[in-house]
Amino acid sequence: MATEAAPMDEKAKRMRDLLSSFYAPDPSISTSGSSINASFDNINSTSFDADQYMDLMIKKSNLEVLLQRHVQMAAEIKNLDTDLQMLVYENYNKFISATDTIKRMKSNIFGMEGNMDQLLQKIMSVQSKSDGVNTSLFEKREHIEKLHRTRNLLRKVQFIYDLPARLQKCIKSEAYGDAVRFYTGAMPILKVYGDTSFQDCRRASEEAIEIIIKNLQTKLFSDSESIQARAEAAVLLKQLDVPVDSLKAKLLEKLEQSLDGLQIKPEEASTLVEDDDSSNDTESNDQHPAKIHEDAVRGFSEAIRAYREIFPDSEERLFKLARALTAMHFEYMELYIKKRVSAADFLGIFRIVWEDVVLMDEVLPEAALSDLSAEAAQVTLKQFVARMFSHLQQDISDTLLKFDINQKEAVEGELLKVVLEASQKAVLQGTTNIFQDFRQLLDEKTGIFIKMKDLISGWIQKGSQDFFRSLEAQFLVLSGKTSSSNDIEGKSSDKIHAGLILVLAQLSVFIEQKVIPRVTEEIAASFSGGNSQAFENGPAFIPGELCRVFHAASEKLLQHYIDTRTQKVSVLLRKRFKTPNWVKHKEPREVHMYVDMFLHELEEVGKEVKQVLPQGTFRKHKRTDSNGSNTTTSSRSNTLHNDKMARSNSQRARSQLFETHLAKLFKQKVEIFTKVEFTQESVVTTTVKLCLKSLQEYVRLQTFNRSGFQQIQLDIQFLKAPLKEAVEDEAAIDFLLDEVIVAASERCLDVIPLEPPILDKLIQAKLAKSKEHNNNTVSS
Amino acid sequence: MQGGSSGIGYGLKYQARCISDVKADTDYTSFLTGTLSLKEENEVHLLRLSSGGSELICEGLFSHPNEIWDLASCPFDQRIFSTVFSTGESFGAAIWQIPELYGQLNSPQLERVASLDAHVGKINCVLWWPSGRCDKLISMDEQNIFLWNLDCSKKSAEVLSKDSAGVLHSLSGGAWDPHDVNAVAATGESSVQFWDLRTMKKVNSIEHAHVRGVDYNPKREHILVTAEDESGIHVWDLRKAKVPVQELPGHTHWTWAVKCNPEYDGLILSAGTDSAVNLWFASASSSDDKTSESPVESTRQRVNPLLNSYTDYEDSVYGLAWSSREPWVFASLSYDGRVVIESVKPFLPRI
């Protein structure tokens, strides 16, 4: 079967090919498409050449093969024959069936035409009949229609005749809506025929309508009427072509007038708030202003709501009005916080304003009042925060300056101490209070505050940063260090008491060490938010920087204090050295009085310092330390000094100078200018050192004769004891005093020091005299 | 401690106060200095910085009759200089000429060109116009200011005009405006005063007390720097002389002298009685718009203007001079007679 199947398939395939080649218009396509091996020996190809094929066959094959081929071919040809026959048969069958079908169709169509004709006839007859009916009914219908129109007209006329009465009835029953509807309905007719047929009618109805209009207007303005009614009245009036704009304007005016009543004037604000507080106790009491205000605003918003409904097309004016009210509120609030206001009061006012805004916003949501007021509130809040800080600063500087009125007594009493303590308290208490207030701000639950929490924190941070910075600047200005008020040096130092500078310095230390850490804690605890959003460039409050600033300021101020103090001494010394002719100086008779003044200045410094600065804790230790390292120094300079005293011979001056140099070379450099510390001793020591150095410099600028030199020697000798008393670093003082003597001897034409006994005697005399003087002052 | 021993030192025999740059010497960086000794033979030293800049050589040593309180080299003739001297009782001022061929002489004597002997009181200083050839000289004593006409060839100096500052204003020093040959500043007890030399009248003053040193900024007109006893250094703009443009803290004790660099604008040198020389940079920008107080600006102003502090001195430093030939070199002189030459080159890039 399998062997049979293949040739069978082959056969069928060829048949199909042949058939298609027969029907195909172009035989080449089918052959080239179907034949698999189109070569010479393919009989099926069109290019098949029988002779060539034969030649090839004969050449290639032997007889046996040829014979075989012959048999095979004969069989194939026979096959083809039968195939063709079958094909013809099949086609023939199909033709026959097609003819049958066509024949049947023909017979079916045959009777249809007659039926069609019949249908047409019937339709024609129906049409003619309906036409007949139509024409017969036409006239009657015309008549009916005419009658109907007349009836309508008559009814309208009747309506117009009835109109005045009807309107009266409406007025009586206050059915103005119907009245207006009737009137407007009759209007066109009245307009056309009003002058002729319906004159009376028209007059009567117009009178009625006038009454209606009047009634409507009163209704519109009467506050007692419901909004609905008023709105209806407005609509009706509009329908009656009454000019509504003037009414609108009038209403608006009324609203604007009522606006004035709603203002929270700064002067009233406080009472508002106070009563607001007390209202908690007396709930029922509706007489307090806050309640009144609230009612007023409520009324206002109601009025606006009414207006809006009455005149829905003129919202813009309302928006303007509402905005004006809000803006006004915030304006007054700004005025209000210009004065000192506690956070609670501020919040009270703010709450009231916010309630107003919320009320208005309900009525006019499109006016974007909440946005407007949020912006305004931001500004106000920001100002409030800034103002709080500036008030605090004002407080602090007030405290500082309050005490400084009686400058003369400042040194005597404990005034500086009082000032310092008061100002320290002011700063600490002030910052604490301010942060308490701010915490209230943050705790506030009013809508906007919650939204702005971050912003507020940011402002507070920035505010405190700015506050401390400006406080520092103000300290410097107060101290006269920064010459904002351009004064001459002497003038400003007169104006600004040195003690104040010292207080400022110590206060700066206090702020650096106590206040700023505390503020930092506060901020970290309560106001840490808002950094990232509000300030891109890092947190606004940088305690480290502030500490640095105040540290620098404290040092600067302390230095400034010492400067002003030494400046005073400097002036003293300058006068002392400028006035006499040192080359023609007379023999010393007593210690010069400038020494007293110098010591007096030092005493003042000591007193001031004692009030303000802490005592050095390791004074003792320091002294022994300096003794340990510097005893050799002082002793050496002492011996040198003694040497010099002994060697009065001026010819040896040169070797003396050499010796001085040599001594200096080997001597440990005495640290004259050490860093000032915030202790009593350090400040006094520094002041004394600087003054002695100045003394030395003044001496160097002069030329002395013998007596002049002796005078200097005497003065210095006298200074020695009290200075050592006052000062921590004895070695340095010794050194500096010696330096003055050396400088004087160098600038002396004829160095012969006073004999020690004379020196002693003069000093004793001076001491006795000053003691006596003291006693006198005490007794008097 | 900053500023170790990088400087080149030179010791004078005696104490000294004044040193001056020899501006007219274009071949070498040289300085003139004079000693201040009441009882000894005083000397004027001509110092020259060796070409390598590593050594300070004494090029000339001349004896000077009296102790020298002020010394100024003539800006257009390197052999001429002026001194103010004192015998202890009285003061004098003179113009000197360094003799030619002094190297070959054994004991070279200074030639006295002219004596400025119109003064009575204590003479403070003699000023040359710093910017070029000008045959005029200014000398000041405590009360008066004199304008001299100097004729070197005739060896004479005569007073052209004078003005008195008044008894109350005891003048202490001064500076001649390098931008304006007719403007001179003088420091007094309570103010800095300005004269117009054409009319010889006071035209202006800055009410500021205890000014020790004063110097005009040679690079920028109208800018004046003052050094005060206690309150440090101030920079002024003379067009609005009420408030200083800038304040520098100065020294621990008095600021004695202040000098603007002849080449680098804003570079200021100050010498103090705290045995130190400080190098400052007064930034020009902050002096221009000091009013704008933006935070950025303020932080910039907080940058320490002190570039360096040279503290390698044993005594107060009174003498200070920039070299005009090598503007990064300065000479300082402490009271013990030590001249120290330092270079500020390491600090220049920071400007």
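The values are calculated or read from the model by the stated rules, or taken from the named source; none is laboratory data. Since this is a predicted model, take the numbers as computed values, not measurements. A quick note on method: Cβ atoms are made from the backbone with ideal geometry, for glycine too, and the neighbour counts reach across all protein chains shown. Ligands, DNA and RNA are excluded from the accessible area calculation, which covers all protein heavy atoms including side chains. Shrake-Rupley method; radii C 1.70, N 1.55, O 1.52, S 1.80 Å.
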Between their Cα atoms, which of B:Lys202/B:Lys259; A:Lys610/A:Lys675; A:Lys568/B:Lys136; A:Lys584/A:Lys693; A:Lys575/A:Lys724; A:Lys771/B:Lys122 are more than 31 Å away from each other? A:Lys568/B:Lys136; A:Lys771/B:Lys122
Straight distance only, please: which lysines reach the Cα of A:Lys453 with their own Cα at less than 26 Å, same-chain residues fewer than 8 apart left out? A:Lys338, A:Lys339, A:Lys382, A:Lys445, A:Lys462
Listed by chain and number, the lysines with an alpha carbon less than 30 angstrom from that of A:Lys103, same-chain partners under 8 positions apart left out, are A:Lys94
Is chain B rounded, prolate or oblate when judged by the Cα gyration tensor, a ≥ b ≥ c being the square roots of its eigenvalues, rounded requiring a/c under 1.5 and prolate requiring a/b larger than b/c? oblate
Contour excess over end-to-end distance, with Cα ends at A:Glu256 and A:Leu63 and 0.36 nm allotted per residue: 56.1 nm
With label points set 7 Å from each Cα along the Cα-to-Cβ direction at A:Met187 and A:Val88, the distance between them in nm comes to 10.2
What is the gain in length, in nm to one decimal, between A:Gln615 and A:Ser770 on full extension, counting 0.36 nm per residue of separation less the C-alpha to C-alpha distance? 52.9 nm
Proximal lysines relative to A:Lys156, as straight alpha-carbon distance under 30 Å, when same-chain residues fewer than 8 apart are discounted: A:Lys140, A:Lys146, A:Lys169, A:Lys172, A:Lys191, A:Lys214, A:Lys238
About the Cα centre, charge dipole magnitude for the stretch A:38-142 (Lys/Arg +1, Asp/Glu -1 at Cβ), debye: 640
Here the relative contact order (percent) of chain B, from C-alpha pairs under 8 Å and at least 6 apart, is 14
What does the buried accessible surface come to for B and A, summed over both chains, with the probe at 1.4 Å? Round to 100 Å². 3700
Within the stretch A:540-576, backbone nitrogen closer than 12 Å to the virtual label 7 Å beyond the Cα of A:Leu701 toward Cβ: A:570-576
Report the full-extension gain for the segment A:Ser470 to A:Gln440: residue separation times 0.36 nm, less the Cα-Cα distance, to one decimal in nm. 8.3 nm
For the stretch B:1-52, which chymotrypsin sites (Phe, Trp or Tyr not before Pro) are both in a DSSP coil and crowded by at most 13 other Cβ atoms within 10 Å? none
Round to the nearest 0.05 the FRET efficiency obtained for A:Val418 and A:Glu210 when R0 = 60 Å and r is the Cβ-Cβ distance. 0.10
Placing each pseudo-label 7 Å from Cα in the direction of the beta carbon, A:Tyr594 and B:Glu158 end up separated by a distance in nanometres of 4.3
Can you tell me the order of B:119-127, B:151-159 when each peptide is scored by its average per-residue count of other Cβ atoms within 10 angstrom, highest first? B:119-127, B:151-159
Projected label distance in nm at A:Thr218 and A:Lys724, using a 7 Å step from Cα toward the beta-carbon: 11.3
To the nearest 0.05, the calculated FRET efficiency linking B:Arg133 and B:Thr311 through their beta-carbon distance, R0 being 35 Å, is 0.35
Can you give the FRET efficiency for A:Asn79 and A:Phe110, using 1/(1 + (r/R0)^6), R0 = 45 Å, r = Cβ-Cβ distance, to the nearest 0.05? 0.40
Would you work out what percent of the accessible area of the stretch A:148-216, with all protein chains in place, is carbon or sulfur (probe 1.4 Å)? 54
